[in-house]
Amino acid sequence: MSRGKNAKMDKDEQNAYNEPMKPNSPRHKQLMKVRANLMAVLSETKIPFVMFESDAIWLQNPMEFFAKQQTVLDDANIILSLNSIKGQQRLGANLIIAFANNGTRRLLQELRRQLNQDENLLDQEVIINQLCHSQFGGVLCRQFSLLDISDGIWLRLSDGERLARRWPLIVHNNFYTQIEDKMARQAINGFWFLSPKNSCNLSKAQRILEKYNKISQKSGG
């Protein structure tokens, strides 16, 4: 059924979006369009925002770090995460800080236009990389350091390799597509805190945070 621009999803639709979905499935494509539409609308109403993915690991509260970026990177329209693996798009769409300016608005409007125009387009990272590389509409894209905002490569490091560097603020659980694989990797690395009954194992989470704080203090992070 066709719905108006501001129509709300019913409860069944909301529940469907909360369930695991396969990449490239119609529902996944629709969700990517919903996300692109939301970002474009926020930019059109001149609301700055941070877009992040809920399966990322926040090792500490990054809000102060986010707030500083507009001062540190005052010439940027948008700041994105990086991908470290060769063959991937250089800029990732896992974490985006979008400032309220015309360059951001033009980029996100074009992202929305391309996704809505071509049903075969799915990968927002491909479009964003093309737009940023060409400086579409005069947009200036910057990127986070992998030392601050890491990707899934960090989860492949040994304990010794992790101890040799400061831990990042956020680690993205990317490079895997199936939710079961993502959950397993989180569990192997000690970052899965849900019990089989879907309640949070608070003591386990506290132990990980204590471990992180000790490492962070030693490294001066």
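Is it true that Lys86 is loosely packed, with under 14 Cβ neighbours inside 10 Å and within 28 Å of Arg185 (Cα to Cα)? Steps first, answer last, please.
Details: loosely packed, with under 14 Cβ neighbours inside 10 Å: yes; within 28 Å of Arg185 (Cα to Cα): yes.
Yes; evaluated as a whole, the condition is true for this residue.
Being within 16 Å of the chain's Cα centre (by Cα), among the hydrophobic types (A, V, I, L, M, F, W, C), surrounded by fewer than 18 Cβ atoms within 10 Å (Cβ to Cβ) and not in a loop (DSSP other than H, G, I, E, B) is the filter here; which residues of segment 113-169 pass it?
Of everything in segment 113-169, those that are within 16 Å of the chain's Cα centre (by Cα), among the hydrophobic types (A, V, I, L, M, F, W, C), surrounded by fewer than 18 Cβ atoms within 10 Å (Cβ to Cβ) and not in a loop (DSSP other than H, G, I, E, B) turn out to be Val126, Ile153.
Which residue, of Asn173, Asn94, is surrounded by 14 or more Cβ atoms within 10 Å (Cβ to Cβ), within 16 Å of Phe52 (Cβ to Cβ), in contact with a Lys or Arg (Cβ under 8 Å, 6 or more places away or on another chain) and touching a residue at least 40 places away in the same chain (Cβ under 8 Å)? Reasoning before the result, please.
Working: Asn94 fails: in contact with a Lys or Arg (Cβ under 8 Å, 6 or more places away or on another chain).
Going through Asn173, Asn94 in turn, just one is surrounded by 14 or more Cβ atoms within 10 Å (Cβ to Cβ), within 16 Å of Phe52 (Cβ to Cβ), in contact with a Lys or Arg (Cβ under 8 Å, 6 or more places away or on another chain) and touching a residue at least 40 places away in the same chain (Cβ under 8 Å): Asn173.
Would you point out the residue of segment 170-186, among those that are at pLDDT below 80, closer than 13 Å to Ala56 by Cα and among the hydrophobic types (A, V, I, L, M, F, W, C), that is nearest to the chain's Cα centre (by Cα)?
Among them, the one singled out is Phe175.
Restricting to segment 51-68, and then to whatever is without any contact (Cβ under 8 Å) to a residue 60 or more places away in the chain and surrounded by 14 or more Cβ atoms within 10 Å (Cβ to Cβ), can you tell me which residue is nearest to the chain's Cα centre (by Cα)?
Result: Met51.
If we keep just the residues of segment 12-50 that are modelled with pLDDT under 90 and not in a helix (DSSP H, G or I), which is surrounded by the most Cβ atoms within 10 Å (Cβ to Cβ)?
Met21
The values are calculated or read from the model by the stated rules, or taken from the named source; none is laboratory data. This is a predicted model, so every value here is computed, not measured. Methodologically, a virtual Cβ is constructed for each residue, glycine included, from the backbone with ideal geometry; neighbour enumeration extends over all protein chains shown.
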